[in-house]
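Quick notes on the structure that follows.
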Amino acid sequence: MWWKILLFFWIAVLSSIGIVTPIAGDLGSLGMYAQMDAEKIIPVKFTVVDKGKVLTSKDGGGWLLRGRDAYGREADFHFPERPDNLDRAEGYFVSARYDSEHHRVEVHEVRGDAPAFSFPFIPGLEERAKIIFFHVPMAWMTVIAFLVSMWYGIRYLRKKDMEDDYRSAASAGLGLLFCILATTTGSLWAKFNWGSFWNWDPRETSIFVLLLIYGAYFALRSAIEIEEKRATLSAVYSIIAAVTVPFFIFIMPRIMPGLHPGSADDANAGPVLSSGGMDAAMRMVLYSMLGGFLALYIWLMRIRMRLHRIQLKRAETAP
Amino acid sequence: MIRQALAVFRKDLASELRTRYAINALLMFVVVTLAVIMFALAGETLSPGALTGMLWVVMFFAAMSGLSRSFVAEEERGTTMTLQLLATPMGVYLGKLLFNLVLVMALNLFIVLLFLLTMDQFVVKQFGLFWVVMLLGSLGIASATTIIAAIIAKANTKGTLFPVLSFPVLLPLLMAGINATKIAVEDQHWDAVWPDLQLLASYIVVITTVSFLLFDFVWKD
Amino acid sequence: MRVVAGHVSKKFNRRSVFRDISFVVEKGEVFGITGRNGSGKSTLLRIIGGLLTPSGGNLQYTHDERPVPAEQLYQYIGYVAPYLTLYEEFSAEENIVLYARLRGMTIDTSHTRRLLERVGLPTDRKDAIRSFSSGMKQRMRLVFAILHEPPLLLLDEPVSNLDSEGMAIVYTLLQEFRARGTVILATNDAEDIAHCDRCISVEAV
């Protein structure tokens, strides 16, 4: 009982952290936009190195501060007016763009103190990067549920215990649920980030194939009346479907370009999954969320198995 | 086992030649499908690449309408038990696989010949490679669909279930096959096609081995 | 052939057909299985024939003092049942050649002719057995079962559809196989039961 309440809070708190945590860029992200000749206004945090000075009207007026970002890179930050609090110990959190004409950062709006906990600014993803905390655990659970289903299928074939067959079907049912959720969230996100709901990127194709396998699995199950036969044949089918899945890993990168981070041809995967790995803060939230989803899956499996036992008991006592 | 497989194969072949349940219908299916394509595309100029895709679509659906026959026929006539009393599961599986192999190769040969005869825009630049890909593709289709035919033979809605179950399993084969055929048609170098051929070959080996191990469960009640 | 069944049970969809059936059948016996309709006689016979896996219990077969492995069992069994369908698109002779080939036997025309005569079927019919009468089909099933001279004959209602001449043939076969092997007979027919040395009754649970 207690672990379920804990689990509820775990997922609720992590979701809030995932959504509320601000995204704060650094001088690197500003520089990346400057190189692309797109001087976009992005959120940036920095600490004050030098309180700076008033600029004469010749230099455009306002106030010039020397700031340092999380990686120790320094730059001049130009404020249109004197900032009211020059002694921010935590540093500034501002909306800014890089002004390549004056080689300084142009501050558009002061948001407040620099947040202690923030996610990195990823050019091209920005706030949309936060989907990772929900979408990735769902996709993982789809695969895990499929493997669990196949594992119990194999166990059924060895021991012929109907309980194993029901576990296999229950896990496949949850897998289908996670699969639909991952596909929908991913597809909606893709519309805003890549411009269309479906792009046939390798990972989209693989989740589509998983969706087809799950669909075929349940179509097969509903077409066989004798329980023992249904259990055997659906277990055999899930094994056959599972052995073909690895082939996609070899065939798909040859046929279609990847859009997801970590794709084979992804030259600049960005800070989410660059060679140095994901940002530590994001990684922590993501892995905690994965743990939460795994516990959620176990909980749902237990509910389904309990329901199954109750149904069996009722069927036995019924006339 | 091999002896039994050959006996099962000879039985199916003799039965098919006598009743012509599958062959006549399949040949007509291919002709009709091609006719539909030609009417639908009358006057259009299609690239050889697009026609390659079309060729595989026809091959896929022809296989889907014909290859479940050998197992479904045993189940429908009620001879499954008779065959169980006459041969080992391995013998039955190999015999049926052989029969499906011959059927799908004959079918695909027919489809390809009709394509070459009727579609003027379908010009194959590397015929040697093209035939290699067709052979591997037929082998792959037969090996994957035989076990699925054995599964669906025991289910209620046999006809509709067959393509539903086959498609996800056949998809890697279709992708590699289409890619390799395009290379053969568009005259790229042999090197480009090598990974696809390797994939087709390993797919055939893996699927046949797994089917071989699992067929016992499917065949026995 | 000696058949030992220990606590055999069968369930379909969790519904028990029968449970805890044990018996020993020795060589030279005609063993009867009786029971009301739907009691599971045929199911039990299929389990003995290795066509159906029991939900519980086990079966052991011994032939010439050696245990028979499960995957080889089909070689040792002749099975006759009304629900057994032969390849009806082939003629009687073609069917016999097909069974022989599948069993790895070589068979000549005189052997085929002898088999057909043994069950009282005409030897000159070249048409498919689809056109046979139900009694003639039942006689073909007898050929299917005795072709390889199995040490264990499993008969499910063997005289169904047969005329008095056909029934006489079945009872002759019964005596022949008792002399050389074992017969297990599932039936409710009083005359069949009279031919059994021993009987058990299957009761539906």
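For region C:176-183, the condition of being buried (at least 19 other Cβ atoms within 10 Å of the Cβ) and touching a helix residue (DSSP H, G or I) at 6+ places or on another chain (Cβ under 6 Å) holds for at least one residue. There is no residue in region C:163-172 that is buried (at least 20 other Cβ atoms within 10 Å of the Cβ), within 12 Å of the chain's Cα centre (by Cα) and in contact (Cβ under 8 Å) with a residue 60 or more places away in the chain. Residue pairs whose Cβ atoms lie under 7 Å apart, separated by 6 or more positions or on different chains, with the first residue in region B:54-81 and at pLDDT 90 or above and the second surrounded by 19 or more Cβ atoms within 10 Å (Cβ to Cβ) and of a type in the set (Asp, Glu), are B:80/B:74.
Does region A:4-16 include one or more residues that are touching a helix residue (DSSP H, G or I) at 6+ places or on another chain (Cβ under 8 Å), open to solvent by 100 Å² or more (accessible area, probe 1.4 Å) and not assigned by TED's automatic domain parsing to the domain that holds residue A:286? Scanning region A:4-16, I find at least one residue that is touching a helix residue (DSSP H, G or I) at 6+ places or on another chain (Cβ under 8 Å), open to solvent by 100 Å² or more (accessible area, probe 1.4 Å) and not assigned by TED's automatic domain parsing to the domain that holds residue A:286, so the answer is yes. Just one residue in the set A:238, A:196 is assigned by TED's automatic domain parsing to the domain that holds residue A:154 and surrounded by 22 or more Cβ atoms within 10 Å (Cβ to Cβ); that residue is A:238.
Would a scan of region B:45-54 turn up a residue that is over 20 Å from residue B:142 (Cβ atoms), among the aliphatic types (A, V, I, L, M), outside any helix (DSSP H, G or I) and within 14 Å of chain C (Cβ to nearest Cβ)? Within region B:45-54 (the criterion being over 20 Å from residue B:142 (Cβ atoms), among the aliphatic types (A, V, I, L, M), outside any helix (DSSP H, G or I) and within 14 Å of chain C (Cβ to nearest Cβ)), the answer is no, since none of the residues qualifies. Against the list (1) buried (at least 18 other Cβ atoms within 10 Å of the Cβ); (2) in contact (Cβ under 8 Å) with a residue 60 or more places away in the chain; (3) of a type outside the set (A, V, I, L, M), the condition residue B:125 fails is (1). When C:131, C:55 are checked against the criterion of being at pLDDT below 90, farther than 20 Å from residue C:148 by Cα and of a type in the set (Gly, Ala, Ser), a single residue qualifies: C:55.
Selection of region B:1-53 for residues being more than 18 Å from the chain's Cα centre (by Cα), of a type in the set (Phe, Trp, Tyr) and closer than 27 Å to residue B:86 by Cβ yields an empty set.
With a requirement of 3 or more residues that are under 14 Å from residue C:186 (Cα atoms) and more than 13 Å from every other protein chain (Cβ to nearest Cβ), the strands (runs of 3 or more DSSP E) lying completely within region C:1-94 that satisfy it span C:30-34. Please tell me if residue A:86 is in contact with a His (Cβ under 6 Å, 6 or more places away or on another chain) and at negative phi. Against the criterion (in contact with a His (Cβ under 6 Å, 6 or more places away or on another chain) and at negative phi), residue A:86 does not qualify. Against the list (1) open to solvent by 40 Å² or more (accessible area, probe 1.4 Å); (2) farther than 14 Å from residue A:130 by Cα; (3) modelled with pLDDT of 90 or more; (4) away from chain C (no Cβ under 14 Å), the condition residue A:309 fails is (4). Pairs meeting the criteria (first residue in region B:18-47 and within 30 Å of residue C:94 (Cα to Cα) and at pLDDT 85 or above, second residue open to solvent by less than 70 Å² (accessible area, probe 1.4 Å) and in a helix (DSSP H, G or I), beta carbons under 7 Å, at least 6 apart or on different chains) are B:23/B:16; B:26/B:62; B:26/B:65; B:26/B:66; B:26/B:107; B:27/B:110.
Is it true that residue B:117 is part of a helix (DSSP H, G or I) and in contact (Cβ under 8 Å) with a residue 12 or more places away in the chain? In short, no.
In this entry, residue B:114 passes the filter for residues that are touching a helix residue (DSSP H, G or I) at 6+ places or on another chain (Cβ under 6 Å), more than 14 Å from chain C (Cβ to nearest Cβ), farther than 25 Å from residue B:169 by Cβ and at pLDDT 90 or above.
When region C:112-159 is filtered for residues that are over 30 Å from residue C:64 (Cα atoms), in a helix (DSSP H, G or I) and open to solvent by less than 30 Å² (accessible area, probe 1.4 Å), the ones remaining, listed by number, are C:129, C:135, C:138. Taking the condition of a type in the set (A, V, I, L, M, F, W, C) and either touching a residue at least 40 places away in the same chain (Cβ under 8 Å) or touching a Gly at 6+ places or on another chain (Cβ under 9 Å) (or both), does residue B:136 pass? Yes, satisfied.
Whenever a residue of region A:12-31 is in contact (Cβ under 8 Å) with a residue 60 or more places away in the chain, its partners that are hydroxyl-bearing (Ser, Thr, Tyr) and in a loop (DSSP other than H, G, I, E, B), lying with C-beta atoms within less than 7 angstrom and at least six residues away or across chains, give the pairs A:21/A:118; A:22/A:118; A:23/A:118; A:24/A:118; A:26/A:71.
Can residue C:104 be described as open to solvent by less than 50 Å² (accessible area, probe 1.4 Å), part of a strand (DSSP E or B), out of contact with any Ser or Thr (no Cβ under 9 Å at 6 or more places or on another chain) and within 14 Å of chain B (Cβ to nearest Cβ)? Criteria not met by residue C:104.
The values are calculated or read from the model by the stated rules, or taken from the named source; none is laboratory data. No experiment lies behind these values; they were computed from the predicted model shown. Methodologically, a virtual Cβ is constructed for each residue, glycine included, from the backbone with ideal geometry; neighbour enumeration extends over all protein chains shown. Heads up: the accessible areas ignore ligands, DNA and RNA and are worked out on the full protein's heavy atoms, side chains in. Shrake-Rupley method; radii C 1.70, N 1.55, O 1.52, S 1.80 Å.
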